[in-house]
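I have a structure I would like to understand better, so I am pasting it below and will then ask my questions one at a time.
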Amino acid sequence: MAESEYVRVEIGLDGGQILSTLVTTASADALERELNAGAAGAFALTLEAQEGSILLVLSRVLYAKRFAREGRVGFGN
């Protein structure tokens with residue numbers, strides 16, 4: 001999968017933990033869709049991250065932030 005197909009998300013969990021990871025754009029879209037569905041949505045969601053799959057229990061999510069693009073250090077083309 002091309003690097004440009006990943007987007008950084010930050011997910012705040014009940015208990016104070018924060019998960020910051022690169023996920024596929026499809027996973028980020030699914031996360032937003034399920035969180036907007038609220039109680040009518042799914043119980044859990046599998047995110048396809050750059051480092052592997054993450055099973056997320058949606059009732060434990062307090063917030064989710066989707067970054068516009070990944071920042072880069074160095075010179076661009």
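Do we have any residue at all in region 24-33 that's open to solvent by less than 30 Å² (accessible area, probe 1.4 Å), modelled with pLDDT of 90 or more, under 15 Å from L62 (Cβ atoms) and outside any helix (DSSP H, G or I)?
no
This table checks each residue for (1) hydrophobic (A, V, I, L, M, F, W, C); (2) within 16 Å of F67 (Cβ to Cβ).
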| residue | (1), (2) |
| --- | --- |
| E5 | no, yes |
| V9 | yes, yes |
| V23 | yes, yes |
| S27 | no, yes |
| L31 | yes, yes |
| E34 | no, no |
| A37 | yes, no |
| L45 | yes, no |
| Q50 | no, yes |
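Considering (1) open to solvent by 40 Å² or more (accessible area, probe 1.4 Å); (2) out of contact with any Ser or Thr (no Cβ under 7 Å at 6 or more places or on another chain); (3) not polar (S, T, N, Q), say which one E10 fails and leave the rest.
Tallying (1) open to solvent by 40 Å² or more (accessible area, probe 1.4 Å); (2) out of contact with any Ser or Thr (no Cβ under 7 Å at 6 or more places or on another chain); (3) not polar (S, T, N, Q), E10 fails exactly one: (2).
Also, quick follow-up: For region 34-70, which positions are outside any helix (DSSP H, G or I), aliphatic (A, V, I, L, M) and either open to solvent by 80 Å² or more (accessible area, probe 1.4 Å) or under 15 Å from Y6 (Cβ atoms) (or both)?
L47, A49, I54, L55, L62, A68
The values are calculated or read from the model by the stated rules, or taken from the named source; none is laboratory data. This structure is a prediction, so every number in the text was calculated from the model and none was measured. We place every Cβ from the backbone using ideal geometry, glycine too, and count neighbours over all the protein chains shown. Each accessible area value is taken on the protein alone, full model and side chains, heavy atoms only, with ligands, DNA and RNA left out. Shrake-Rupley method; radii C 1.70, N 1.55, O 1.52, S 1.80 Å.
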